[in-house]
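Novice: Sending over a structure as structure tokens; questions will come in a sec.
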Amino acid sequence: MKFSRKRVTAFAAVAVAAALVLTGCADTGGGTGGGDGGGSEGGSDNLTITFLPKNLGNPYFDTSSKGGKTAVEEIGGTFAEVGPAEATPDGQVSYINTATQQGVGALVVSANDPQAICDALNEARDAGVKVVTFDSDTNPDCRDLFINQADAEGIAKVQVDLIADQIGGAGEVAVLSASANATNQNAWIDLMTEYVASEYPDITLVETVYGDDDDQTSFDKTAALLQTHPNLKGIISPTTVGIAAAARYLSTSDYKGTVALTGLGTPNQMREYVEDGTVTAFALWNPEELGYLSAYAAAALIQGDITGAEGDTFEAGDLGEYTVGADGTVLLGDPFEFNADNIGDFDF
């Protein structure tokens, strides 16, 4: 599968992977797991790479895991995905501990809390497991690399610009986020608040609510926002579960066409709401590419090709070469705007 590096103008069309069961599903390629040796000097040939998303059954993470599986198969390793049913920090700890006991080569984790899983991750690192975070980071001293989906400022800016365009640059706007402890969403919301204050003085951010990346909770939070703020002009939801749930509510309500909605979503989730006029435009990066890059980064760490130091470079298959930046961060690329003119071109 070929991925495009021109993320603002083109995306590779990809399909959403089927939701995986709670206990995880492993696929074995030509590599061997569970032992050291081989690879580059100081590296290992233990290419057993386990993905631990925030929660299973989430279309966004289904898609990122699909990319991770593709990459692991390309490098001849063993792929697995495990995770909790709900996006809670405590739910991730047991999976980290199990992976450590199993002696995996690397864990690729989207953290539900920046600190709560650090002890478990550092125990894994002490046992020789490489730790890559993606999508949502931990504190930097708890992992080897963070694969950032896009620059935080760019993610915040595109969502604010979209809602501002849709409401005419003035009015009350609310935020429907994931969990209150979600590192990535909280960083974006802080930057959105700053950007609104500096660039859109006539927009007021009235409230942030949390749907916990649960469809029904997010649906109910949307209804509550509209009741609490009768003058609400728009909603920003920087989470794929939240934006889809909010769109579902708006699409059959009297607010359709009068309350704007944007945020971060996948085309397959949002297509019907764009086509029926509930949503004008939304944004995202390609989550399959994010998982694909994360797996290649994990393999480079395992094999000793990189250490996670600033300036390290590694090859990521069809995505090409990447360079590690400050604080052990690797940047995937820029967010992309989906709208009625282009949404039919994508399938993920």
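The values are calculated or read from the model by the stated rules, or taken from the named source; none is laboratory data. Fair warning: this is a prediction, and the values are worked out from it, not measured in the lab. Because the Cβ atoms are built from the backbone with ideal geometry, glycine has one as well, and the counts that use them run over all protein chains shown. Remember, those area values only see protein heavy atoms, side chains included, never the ligands or the DNA or RNA. Shrake-Rupley method; radii C 1.70, N 1.55, O 1.52, S 1.80 Å.
Novice: Please report, in debye to the nearest 20, how large the charge dipole of the stretch 136-248 is about its Cα centre when each Lys and Arg carries +1 at its beta carbon and each Asp and Glu carries -1 there.
Specialist: 320
Novice: Rg to Rh for the chain: what is it, with Cα atoms only and Rh by Kirkwood?
Specialist: Taking Rh as the inverse mean 1/r over Cα pairs, Rg/Rh reads 0.98.
Novice: Rolling a 1.4 angstrom probe over the protein heavy atoms, how many square angstrom per residue are accessible across the chain?
Specialist: About 38 Å² of surface per residue is accessible.
Novice: Give the separation of the Cα centroids, the stretch 275-310 to the stretch 164-189, in Å.
Specialist: Here the two parts' Cα centres lie 22 Å apart.
Novice: In addition: Along its principal axes, what span do the Cα atoms of the stretch 204-309 show, with the longest given first and each in whole Å?
Specialist: Rounded to whole Å, the extents work out to 57, 28, 25 Å.
Novice: Work out which GluC sites (Glu not before Pro) in the chain are exposed loop sites (DSSP not H, G, I, E or B, at most 11 other Cβ within 10 Å) and give the longest gap free of them.
Specialist: In short, 42-309.
Novice: Compute the distribution of all C-alpha to C-alpha distances in the stretch 114-186, in bins of 10 Å from 0, and list the percent of pairs in each, rounded to whole numbers.
Specialist: Taking all Cα pairs of the stretch 114-186, the binned fractions are 17, 37, 25, 14, 7, 1 percent.
Novice: Still on this structure, please answer the following. State the percentage of accessible surface on the stretch 98-256 attributable to carbon and sulfur atoms; use a 1.4 Å probe and exclude ligands, DNA and RNA.
Specialist: 44
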